[in-house]
Amino acid sequence: MKSKFYDKLATIYFYVVAGVIVLFLLSLISYILYQGRSELNLHFILTPPKFMEKGGGIAPQIFNSLLLLVITLIISVPIGVGAGLYMAEYARPSKITELIRLSTETLSSLPSIVVGLFGLLIFVNMLHWGYSLMSGALALTVLNLPVMARVSEDAIKSVSSSLKEASFALGATKWQTIVKVLIPSALPGLVTGIILTSGRIFGEAAALLYTAGMSTPMLNFKVLNPLVPGSPFYPFRAAETLAVYIWKVNSEGLAPDARQIADGSAAVLLIIVLVFNILARWLGNVLYKKMTGGK
């Protein structure tokens with residue numbers, strides 16, 4: 001009787017905690033969207049900002065954020081998944097393995113401002129890339145690799161050992177088992193890692209202040225070749241992201257409507273993150289069903 005009472009009490013407690021967290025999250029999202037509601041229009045989204053004038057938009061910053069996301073994911077996802085795969089399937093208990101785990105855990109605890117200064121020293125100054133998309137992408141890769149590697153390792157380890165044994169019993173090699181069995185089965189967890197990584201890419205500002213810069217050139221979409229310096233897709237140009245722009249507007253406040261711009265930018269950034277998360281989940285489910293034969 002007493003155990004049932006404690007069980008109900010614990011269940012009620014967890015429901016209350018979950019409800020409070022969900023309520024807080026919804027309140028925060030509602031507040032940000034409400035504050036930025038006046039700027040949620042196509043003019044604000046599709047026009048460039050104006051220097052010390054009212055009525056500017058955030059089009060270049062949105063483009064820079066999305067392009068930086070793509071470049072960073074292209075670099076970090078293969079390395080992160082590969083690292084997780086190695087730790088889950090190939091690494092044996094040893095001092096080297098312990099050192100790798102210690103290194104990734106230490107790297108994950110570094111403040112983003114420290115990673116930004118590292119990127120400034122190595123990518124911006126030593127490699128002479130300057131403030132650029134590539135410098136920012138590599139700095140964000142350093143930030144996100146520990147998370148991606150850890151989530152990938154956990155996702156691969158969570159796959160039932162019976163699936164691997166069945167694959168080996170059918171004569172599949174280890175690599176065939178990894179590609180055809182482990183990765184498809186671990187795909188939902190891998191998608192979660194990509195979403196976590198993407199959220200940090202969208203919201204990061206401190207590391208990008210010192211690597212991607214706080215300005216952006218005029219974007220000429222008539223030149224689409226990424227190897228041409230005048231192209232918007234050129235990886236070695238300065239690229240102020242939306243998160244950095246929000247910080248700059250709030251700190252400098254040079255525009256007459258700086259508060260409205262910051263509130264609208266925050267609302268747009270939140271909507272982009274929510275839409276990306278929903279699409280990533282949907283795509284992950286579609287790929288999972290396709291790779292597992294619709295089961």
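Figures for the structure shown
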{"read-out": "Residue match in region 113-130 (condition: assigned to a helix (DSSP H, G or I), under 30 Å from residue 176 (Cα atoms), in contact (Cβ under 8 Å) with a residue 40 or more places away in the chain and open to solvent by 60 Å² or more (accessible area, probe 1.4 Å))", "value": "no"}
{"read-out": "Any hit, region 34-56, residues being farther than 28 Å from residue 201 by Cα and of a type in the set (Ser, Thr, Tyr)", "value": "no"}
{"read-out": "Close pairs from region 172-189: first surrounded by fewer than 18 Cβ atoms within 10 Å (Cβ to Cβ), partner charged (D, E, K, R), Cβ under 8 Å, at least 6 apart", "value": "172/180; 174/89"}
{"read-out": "Any hit, region 121-129, residues being of a type outside the set (Phe, Trp, Tyr), at pLDDT below 90 and either over 20 Å from residue 201 (Cα atoms) or within 15 Å of the chain's Cα centre (by Cα) (or both)", "value": "no"}
{"read-out": "Top-ranked residue in region 243-295 [being among the charged types (D, E, K, R) and either surrounded by fewer than 17 Cβ atoms within 10 Å (Cβ to Cβ) or under 30 Å from residue 177 (Cβ atoms) (or both); ranked as modelled with the lowest pLDDT]", "value": "295"}
{"read-out": "Exclusive hit being without any contact (Cβ under 8 Å) to a residue 12 or more places away in the chain, under 18 Å from the mean Cα position of the chain (by Cα) and in a helix (DSSP H, G or I), set 70, 22, 17", "value": "70"}
{"read-out": "Test for residue 250: is it without any contact (Cβ under 8 Å) to a residue 60 or more places away in the chain and more than 30 Å from residue 109 (Cα to Cα)", "value": "no"}
{"read-out": "Selection within region 219-233 - in contact (Cβ under 8 Å) with a residue 24 or more places away in the chain and either out of contact with any Leu (no Cβ under 6 Å at 6 or more places or on another chain) or over 15 Å from residue 71 (Cα atoms) (or both)", "value": "219, 233"}
{"read-out": "Conditions (1) touching a residue at least 60 places away in the same chain (Cβ under 8 Å); (2) under 24 Å from residue 128 (Cα atoms): number failed by residue 199", "value": "(2)"}
{"read-out": "Residue match in region 77-90 (condition: free of Cβ contacts under 8 Å to residues at least 40 places away in the same chain, out of contact with any Gly (no Cβ under 7 Å at 6 or more places or on another chain), surrounded by 13 or more Cβ atoms within 10 Å (Cβ to Cβ) and under 21 Å from residue 270 (Cα atoms))", "value": "no"}
{"read-out": "Considering residues of region 39-56 that are open to solvent by 60 Å² or more (accessible area, probe 1.4 Å) and of a type in the set (D, E, K, R) only, the residue modelled with the lowest pLDDT", "value": "53"}
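The values are calculated or read from the model by the stated rules, or taken from the named source; none is laboratory data. Model, not experiment: these values are computed from the prediction. All Cβ positions, glycine included, derive from the backbone under ideal geometry; neighbour counts span all protein chains shown. What goes into the accessible areas is simple: the full protein's heavy atoms, side chains included, and nothing from ligands, DNA or RNA. Shrake-Rupley method; radii C 1.70, N 1.55, O 1.52, S 1.80 Å.
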